[in-house]
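Please treat every number below as a calculation from the coordinates, not as lab data. No experiment lies behind these values; they were computed from the predicted model shown. Quick reminder, even Gly has a Cβ in these numbers, built from the backbone with ideal geometry, and neighbours come from all protein chains shown.
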Amino acid sequence: MLITMKETNLGRREFLKTLGVAGAGILAATSPWLSAFSEVNHTAKDRCRIGVIGPGSRGQFLMGFLAQNPKADIVAIADIYQPSIDGALKIAPKAKVYKDYRRLLADPEVDGVIVATPLNTHYGIVMDAFDAGKHVYCEKTIGYTMEECFNMYNRHLSSGRLFFTGQQRLFDPRYIKVMDLVHQGTFGKISAVNAYWNRNGDWRREVPDPSLEKFINWRLYGESSRGLMSELGCHQLQIGTWAFGKLPDRVMGHGGITFWKDGREVHDNVHCIYGYDTGESLTYGSVISNKFYGLEEKIMGNLGTVEPESGKYYFEEVAPAPAFLQMINSWENKLFDEIPFAGTSWAPETANVNKGELILGERPKTDGTSLLVDAFVEAVITGKQPARIAEEGYYASLLCLWGHKAIETGQILPFPEEYKIDYAAYGTKKFNPVTDTQA
Amino acid sequence: MKDIVFTARSQKRELLYLLISFVIAALLNLGAILYYDAPMSEMFTSFFYVLAFTLFLYALTLIPRLLYRLLRKERRKN
């Protein structure tokens, strides 16, 4: 059990301490993927061998956590770009270097692989990895198309190999605590989740040679990326479904290139509305020519609002100040208030001045990535797939690709039933093409 | 240098002013509790606000009294 396990890693220890021992049992029910750490005691002396395919910036970021984990050995890397190889070797100097990922997959000394390559290459690599008997951690979005995601998930099931996706918020203490509170009804009926990720930058990487433009800046081109939806939206859409505990049934969207007209093919501003049959809505927007509002997911209930990124929640009804202070305040108002002259005859309904409360009692320190990587290491050692982690990643990918399709077509799209999988948490079951199409 | 003599009588008088200030502040707190429909426990939880307001009221009484004494002193000199 999570409650009794003795942590061997500072991050995990801090993690559970932060959440509170009393809550750990409940968390095992609401966030069952944490069961990845359930055998952390028994595996104290075990090690696993990890290969990293695509050790670019994200790959090296993940390697940094692997290098700190005493249970993981980075035994091999595969890339075709020498600067990435050089950077990765600084983290794992003893790793074997492959130019062809298939040779890494054929290496019997590799137990599991981390795939951090451009989006359009995930499918081939992950399918080959499952076929080669390797456990897989694939960065989000897992596939370039919904069909690819579906096939990858099914191959995970049929191969019996582990499948982790880069949804680090599943391991972020803030989000785990928030979802626990949301599902307990602390914030009342959740009517909307409003997610956005805004930046002010061109999203470009430096290119040493123009011939490498599409190779390095793959995020900007349609043949290799779904743009902001796949690279940023995937994280936040998963927060919406996690909060609602169900999938939307329709989506509409709009996007365009409004500012960064530099030859890119993906939109620099996107907005999608995902609607539920029961009326709730999940919205996602991303603009990369304005960073004022930054990054957030606003989970809005009739009793309160949660903003997990900033680590705070706000109740609608704030406890009034002591009566004595209210009295003093009213005296001040009577003394100093000016009589309005030719002003507006109405007051705009602006947000309340409400400083809120910190979800964990302190400012956020981590985004869960280190724990996600640690969980993968634990799972590779035990060979046990933590509950629901693949499914959460699958549906997160599906939502962003579905939204992207809505933007591209300009239509209101129903949920693609053919890609529903068995997942009790969202109340979905596998689509049966024979029985489900009969009138 | 002249000694400042703070007689027992004047001490009692100042304490009386302080007590009156405290009673006024406490009554104002009670009135506010009733007016804003707040819990009576605020009679205790707002004690430090009441205390601060007591000092404020006391200071208010102190200023005119000091001014009065200064003026009286000047008049006697003349």
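Can you tell me the mean projection area, over all orientations, of the convex hull of the range A:57-209's alpha carbons? Units nm², please.
Projected area, direction-averaged: 12.4 nm².
Show the residues, 5+ positions off or on another chain, whose built amide H is closer than 5 Å to the amide H of residue A:165.
HN-HN under 5 Å from residue A:165: A:138.
Can you list the HN-Hα couplings for the range A:96-109, worked out from phi with the Karplus curve (6.51, -1.76, 1.60; θ = phi - 60°), rounded to whole Hz and with x for Gly and Pro?
Working through the residues one at a time gives 6, 10, 10, 8, 10, 4, 5, 6, 5, 5, 7, 6, x, 8 Hz.
What per residue convex hull volume, in Å³, comes out for chain A when only alpha-carbon positions are used?
Spread over its residues, the Cα hull of chain A gives 189 Å³ apiece.
I'd like the orientation of helix B:47-77 relative to chain B: the angle between its Cα long axis and the longest Cα principal axis, in ° from 0 to 90, rounded to 10.
20 degrees
In peptide B:31-38, what is the residue-averaged number of other protein chain Cβ atoms found within 10 Å of each Cβ?
5
Lys/Arg Cβ at +1, Asp/Glu Cβ at -1, dipole of the range A:139-231 taken about the Cα centre: which of A:150, A:230, A:179 is farthest positive-ward?
A:179
Using only Cα atoms, locate the centre of the range A:360-405 and the centre of the range A:146-174, then give the distance between them in Å, rounded to an integer.
A separation of 8 Å, based on Cα centres.
Where does chain A land at 222 nm, in deg cm²/dmol rounded to the nearest 500, when only DSSP H runs of n ≥ 4 count, each adding -39500 (n - 2.57), divided by all residues?
-10000 deg cm²/dmol
Starting at the first residue of the range A:254-269, write each ³J(HN,Hα) from the Karplus equation 6.51 cos²θ - 1.76 cosθ + 1.60 with θ = phi - 60°, in whole Hz, x for Gly and Pro.
Taking θ as phi minus 60°, the curve returns 8, x, x, 9, 10, 10, 8, 8, 10, x, 5, 10, 8, 5, 9, 8 Hz for the range A:254-269.
Please compute the average number of Cβ atoms from other chains found within 10 Å of each residue's Cβ in peptide B:50-58.
Averaged over the peptide's residues, the number is 1.
In 5 Å bins starting at 0, how do the alpha-carbon pair distances of the range A:147-293 split up by percent?
Binned Cα distances yield the sequence 2, 8, 14, 17, 17, 17, 13, 8, 3, 1, 0.
Which of the peptides A:265-274, B:49-58, A:289-298, A:33-42 is most tightly packed, and how do the rest follow, going by the mean number of other Cβ atoms within 10 Å of each residue?
A:265-274, A:33-42, B:49-58, A:289-298
Is there a simple number for the mean count of other chain Cβ atoms within 10 Å of the Cβ of residues in A:324-333, and what is it?
Going residue by residue through A:324-333 and averaging, the value is 5.
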